[in-house]
1. How many of the residues making up segment 187-220 are over 26 Å from Ala280 (Cβ atoms), under 12 Å from the mean Cα position of the chain (by Cα) and not in a loop (DSSP other than H, G, I, E, B)?
2. Only residues that are farther than 28 Å from Ala163 by Cα and outside any helix (DSSP H, G or I): list them for segment 280-322, please.
3. Identify, from the list Asp146, Asp114, the residue that is over 18 Å from the mean Cα position of the chain (by Cα) and not basic (Lys, Arg).
4. Is at least one residue of segment 262-279 surrounded by 21 or more Cβ atoms within 10 Å (Cβ to Cβ), in a helix (DSSP H, G or I) and either assigned by TED's automatic domain parsing to the domain that holds Asn111 or in contact with a helix residue (DSSP H, G or I) (Cβ under 9 Å, 6 or more places away or on another chain) (or both)?
5. Please enumerate the residues belonging to segment 246-302 that are in contact with a Phe, Trp or Tyr (Cβ under 6 Å, 6 or more places away or on another chain) and over 17 Å from His220 (Cα atoms).
6. State all residues of segment 273-306 that are hydroxyl-bearing (Ser, Thr, Tyr) and either under 18 Å from Ala263 (Cβ atoms) or free of Cβ contacts under 8 Å to residues at least 24 places away in the same chain (or both); if no residue qualifies, say none.
7. So, in segment 105-130, how many residues would count as being of a type in the set (Lys, Arg) and either more than 19 Å from Glu230 (Cβ to Cβ) or not assigned by TED's automatic domain parsing to the domain that holds Gly201 (or both)?
8. Could you run through segment 145-186 and say how many residues are touching a residue at least 60 places away in the same chain (Cβ under 8 Å), assigned to a loop (DSSP other than H, G, I, E, B) and β-branched (Val, Ile, Thr)?
Amino acid sequence: MPLSIFLNMPLFKSRRVSAPLTTPSISVVVPLYNHARYIEAALDSVLTQTSPADEIILIDDGSSDNGFELAERVLAKVPNAKAYKQQNAGAHNTINRAIGMCRGDYVAVLNSDDVFAPTKLERCRVIAGERPGTGLIAGAPGIMDDNSVKQKGGVAIDWLGRARQFLDETKLPQLALLNENFVATTSNMVFTRELWEAAGGFQPLRYCHDLDFLMFAYAHSSVFLDSEHEHIIYRVHEKNTIKEDLSGVRVEIAAVIAQALYASGPRIFSAGLGGNDLAAFLTFLRNKQMTEMLCFFQTVLPAFATRAAFYEYAAATSNAPSFRAAVTS
């Protein structure tokens, strides 16, 4: 499908897909934090799936608005849904806790400001049935604004176009995701419980726990990018977490890239390991503009016994004034 068509899809595609006779169970987890304005639409997109979720687990992460009360009202008569409230613990901890309560073969995350396409779960069941052993499935993301208006142009659409162009030109999906994470969000990922357990859950990263999980899936499992089908609509608004701290985001991205290169090695490239792979990698390094930081993180990474320990180190150093000065210089 040409990129221009991909970017101008209607808000949702209503065409149904045929599910196999035996389908895996899917649990949907919803981490909620201060999204009272969006949570009803998010939950409605789960409850109106063409292939229903086997269970829904919602956890409010210490919100200060009335989003939890709205969610409880929506889910009150849904027999397979449970809602919990906790003190603020952060996105990755909230997602991990919710997944720990699940019983499904696969888990679908829905952040409380995004929405699922109506056929998302049905589509993922078909893929999982047709491709046994697939650890993670992600589709094409749509983009909407704060008022739920589907976007056909603007900064986010341009970014998505550049990301897809790099993938189309290099044919290297893992490197393309490191170049720009066009999966965009945990809301776009459906994965097995086994993969989540093997990964040690989502890691202690504020901005890039989704990218790290994707990279772990590539290194240790099988990933299917259903890029011609829209799975979610990602909401772009002023309070997106990724907009909080540019320096902090860059440090986390560099740490995740270093970890991914260390874990996957030559599997990031084509089997031939030829000149096209080198050209793609050099373009990637120029695009990211963090080569020195990458070299530093790759050098120190073997000192840490686990990914979590390495990421905790990266987070701690990113807050040091000397490190921030080096990052921004």
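The values are calculated or read from the model by the stated rules, or taken from the named source; none is laboratory data. Because the structure is a prediction, the values reported are computed rather than measured. With ideal geometry, Cβ positions are generated from the backbone for all residues, glycine too; neighbour counts draw on all protein chains shown.
1. 3
2. Of everything in segment 280-322, those that are farther than 28 Å from Ala163 by Cα and outside any helix (DSSP H, G or I) turn out to be Phe304, Ala305, Thr306, Asn319, Ala320.
3. From the options Asp146, Asp114, the qualifying one is Asp146.
4. Checked segment 262-279: at least one residue is surrounded by 21 or more Cβ atoms within 10 Å (Cβ to Cβ), in a helix (DSSP H, G or I) and either assigned by TED's automatic domain parsing to the domain that holds Asn111 or in contact with a helix residue (DSSP H, G or I) (Cβ under 9 Å, 6 or more places away or on another chain) (or both).
5. Val249, Glu252, Ala254, Ala255, Asp277, Leu301 - these are the residues of segment 246-302 that are in contact with a Phe, Trp or Tyr (Cβ under 6 Å, 6 or more places away or on another chain) and over 17 Å from His220 (Cα atoms).
6. Thr291, Thr299, Thr306
7. Adding up the residues that qualify gives 0.
8. Of the residues in segment 145-186, 1 are touching a residue at least 60 places away in the same chain (Cβ under 8 Å), assigned to a loop (DSSP other than H, G, I, E, B) and β-branched (Val, Ile, Thr).
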